[in-house]
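A.B. asks: Structure in structure tokens, see below.
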Amino acid sequence: MSLNSQQLNALYKLYPNVVRTVGDIAYDANGNEVPYDLQAVTAQAQKDACKDKAKQMLAQSDWAVLPDVGLKNSADFVTYRGILRGLVTQPQENPDFPVEPKAVWE
């Protein structure tokens, strides 16, 4: 078994003494095997993916909160973006992402 790229990033984040991996085996700088909790690594990878997606969704909706846009439903976008900011600051393993509101122009 091999770890996927998200799991590898999470492994290095959770276990800073890990300097390389071969398949699913992690090693420190001295070549010693580093035991790790695969469940914790997978959970961290899911949280990191949640945070990344929420940041991307925020960036894609930045335009909606500019003062000169003129949306009738700007409050809907403020709420939507607030939920996304919550997922950035407190990412979840199985997030329920909000649906972007449709723009209603003045």
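The values are calculated or read from the model by the stated rules, or taken from the named source; none is laboratory data. Since we're looking at a predicted model, the values are computed, not measured. All Cβ positions, glycine included, derive from the backbone under ideal geometry; neighbour counts span all protein chains shown. Surface areas here come from the heavy atoms of the whole protein model, side chains and all, with no ligands, DNA or RNA. Shrake-Rupley method; radii C 1.70, N 1.55, O 1.52, S 1.80 Å.
A.B. asks: When both residues are 6+ apart or on different chains and their Cβ atoms are under 6 Å apart, which pairs have a first residue that lies in the stretch 8-20 and is over 11 Å from residue 44 (Cα atoms), and a second that is assigned to a loop (DSSP other than H, G, I, E, B) and open to solvent by 80 Å² or more (accessible area, probe 1.4 Å)?
C.D. replies: 19/29
A.B. asks: Another question about this same structure. Among the helices (runs of 4 or more DSSP H) contained in the stretch 3-91, which hold 2 or more residues that are among the β-branched types (Val, Ile, Thr) and open to solvent by 30 Å² or more (accessible area, probe 1.4 Å)?
C.D. replies: Correct list: 74-89.
A.B. asks: What single numbered condition from (1) at pLDDT 95 or above; (2) open to solvent by 50 Å² or more (accessible area, probe 1.4 Å) fails to hold for residue 106?
C.D. replies: Result: residue 106 fails condition (1) only.
A.B. asks: Within the stretch 34-43, does at least one residue satisfy the condition of being in contact (Cβ under 8 Å) with a residue 12 or more places away in the chain, under 30 Å from residue 1 (Cβ atoms) and of a type in the set (Phe, Trp, Tyr)?
C.D. replies: Yes: one or more hits.
A.B. asks: Would you confirm, using the coordinates I've provided, whether residue 43 is under 29 Å from residue 105 (Cα atoms) and modelled with pLDDT of 95 or more?
C.D. replies: So residue 43 does not fit the description; no.
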